Every structure is written in structure tokens, then in C-alpha cells.
Amino acid sequence: MIAMPSSEQKSEKYSDEELEEIMDMHAPNDVISVKEVREAIRDNPLLMTGLVFAFGLLVGVALSPGHRKSR
């Protein structure tokens, strides 16, 4: 794979319809209840393991001494 220099990069042009679709993107209006989330976790324990792992990483990075800015 060859990287193109910044002077040779193409500028992508989007049609008006594509821009409208991009601008109209938003989160779905469906609200997931706590009961549905619990059922999904029971059905897939790997999901819960992944969520706990990601949370642990976030906490670890936030508390690590190298992460803080030195003055």
C-alpha cells in the first residue's frame, strides 16, 4: 500500500443528496429498557466480559501515573 503525499490527495465531492443523508443521521429513537439489556447480557456473557474489560481499561488509563500532565 502506497501513501499519497498530502499535495496529491483527492478532494472528495459529495452530491447534495449524499450531504443531506449525512446531515440527517442521528441516533435511533428506540429506547432500550433495562430489562432488555439484562436479557441481552444473559444471552451473551461474552458481551458482559467485553464491557467489563473496556471499563477496566478506561479506569486503568485514567488512574495511571504516566497519564497525568506534569507541570
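Structure notes:
- Taking first residues from segment 38-59 that are of a type in the set (A, V, I, L, M, F, W, C) and partners that are loosely packed, with under 10 Cβ neighbours inside 10 Å, the Cβ contacts under 9 Å between residues at least 6 apart in sequence or on separate chains come to Ala40/Ile32.
- Within segment 15-71, helices (runs of 4 or more DSSP H) holding 2 or more residues that are of a type in the set (Asp, Glu) and either exposed (fewer than 10 other Cβ atoms within 10 Å of the Cβ) or at pLDDT 85 or above (or both): 16-23, 34-43
The values are calculated or read from the model by the stated rules, or taken from the named source; none is laboratory data. This is a predicted model, so every value here is computed, not measured. FYI the Cβ positions are ideal-geometry reconstructions off the backbone, even for glycines, and counts take in every protein chain you see.
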